[in-house]
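Engineer: Below is one structure. I have some questions about it.
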Amino acid sequence: MTAVAAPRRTASPAPASRNFESAIDLVHLARQTMDDPGLEFELLEMFDRQSARLVAQLMETDGADRAAQADLAHKLRGSALALGARGVAKAAQALEDCCVCGGPDAERLGQALARAVAEARAEIGRLTQ
């Protein structure tokens, strides 16, 4: 069995800044995994794969298929909340609400969700390297 590197965490949180908000809440992730580094790594990797697949599906959906968009956004929101990816969860909720209510901003909100997922995936890449 090959050893797996656990996500890196610093002893203290990053300095507070108005411009800095981590894409992944490591304290939340640690709580969700009961401080098991192997499980943290597994969840990060799973979210990385799943979120890439769901965003690709979202970008392929017909703009008129709001039900499919809402379903994909809902799935992303659920997995993001479990992981502590609050920015992804917030963007997914906005898209889901828009799709359910028939709002005009679904394309813009879908792009915002894709950016939030890209930020989370970039952080996952840094944490798991």
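The values are calculated or read from the model by the stated rules, or taken from the named source; none is laboratory data. All values reported here derive from a predicted model rather than from experimental measurement. No Cβ is skipped: glycine too gets one built from the backbone with ideal geometry, and neighbour counts run over all protein chains shown.
Engineer: Would you say Ile124 is modelled with pLDDT of 95 or more, of a type outside the set (Phe, Trp, Tyr) and either in contact with a strand residue (DSSP E or B) (Cβ under 7 Å, 6 or more places away or on another chain) or not in a helix (DSSP H, G or I) (or both)?
Structural biologist: It is false that Ile124 is modelled with pLDDT of 95 or more, of a type outside the set (Phe, Trp, Tyr) and either in contact with a strand residue (DSSP E or B) (Cβ under 7 Å, 6 or more places away or on another chain) or not in a helix (DSSP H, G or I) (or both).
Engineer: Shifting gears a bit: Counting only residues that are assigned to a helix (DSSP H, G or I) and without any contact (Cβ under 8 Å) to a residue 12 or more places away in the chain, which one in the stretch 100-114 is farthest from Phe47 (Cα to Cα)?
Structural biologist: Cys101
Engineer: In addition: So, of the residues in the stretch 63-85 that are over 15 Å from Glu96 (Cα atoms) and out of contact with any Leu (no Cβ under 7 Å at 6 or more places or on another chain), which turns out to be surrounded by the most Cβ atoms within 10 Å (Cβ to Cβ)?
Structural biologist: Checking each candidate, the answer is Ala85.
Engineer: Looking at the stretch 96-127 only, could you name the residues that are crowded, with 18+ Cβ neighbours inside 10 Å, over 25 Å from Leu26 (Cα atoms) and hydrophobic (A, V, I, L, M, F, W, C)?
Structural biologist: Within the stretch 96-127, Cys98, Cys99, Ala106, Leu109 meet the criteria.
Engineer: Across the stretch 31-85, what is the number of residues that are in a loop (DSSP other than H, G, I, E, B) and under 14 Å from the mean Cα position of the chain (by Cα)? It would help to see each step written out before you state the result.
Structural biologist: Here is the first cut: in the stretch 31-85, the residues in a loop (DSSP other than H, G, I, E, B) are 33-36, 61-65, 84-85.
Now restrict to residues that are under 14 Å from the mean Cα position of the chain (by Cα): 84-85.
Residues flagged as in a loop (DSSP other than H, G, I, E, B) and under 14 Å from the mean Cα position of the chain (by Cα) within the stretch 31-85 amount to 2.
Engineer: Among the listed residues Leu109, Leu81, Leu113, Leu54, which satisfies the condition of being of a type in the set (A, V, I, L, M) and over 27 Å from Thr33 (Cβ atoms)?
Structural biologist: Of Leu109, Leu81, Leu113, Leu54, the one residue that is of a type in the set (A, V, I, L, M) and over 27 Å from Thr33 (Cβ atoms) is Leu109.
Engineer: Outside any loop (DSSP other than H, G, I, E, B) and crowded, with 21+ Cβ neighbours inside 10 Å, is that true of Ala91? Outline the logic, then answer.
Structural biologist: Working: outside any loop (DSSP other than H, G, I, E, B): yes; crowded, with 21+ Cβ neighbours inside 10 Å: yes.
Here the answer is yes, as Ala91 does meet what is asked.
Engineer: On to the next question. So is Leu83 at pLDDT below 95 and under 19 Å from Glu123 (Cβ atoms) or not?
Structural biologist: yes
Engineer: Determine whether Val88 is of a type outside the set (D, E, K, R) and modelled with pLDDT under 95.
Structural biologist: On the way: of a type outside the set (D, E, K, R): yes; modelled with pLDDT under 95: no.
No: the conditions fail for Val88.
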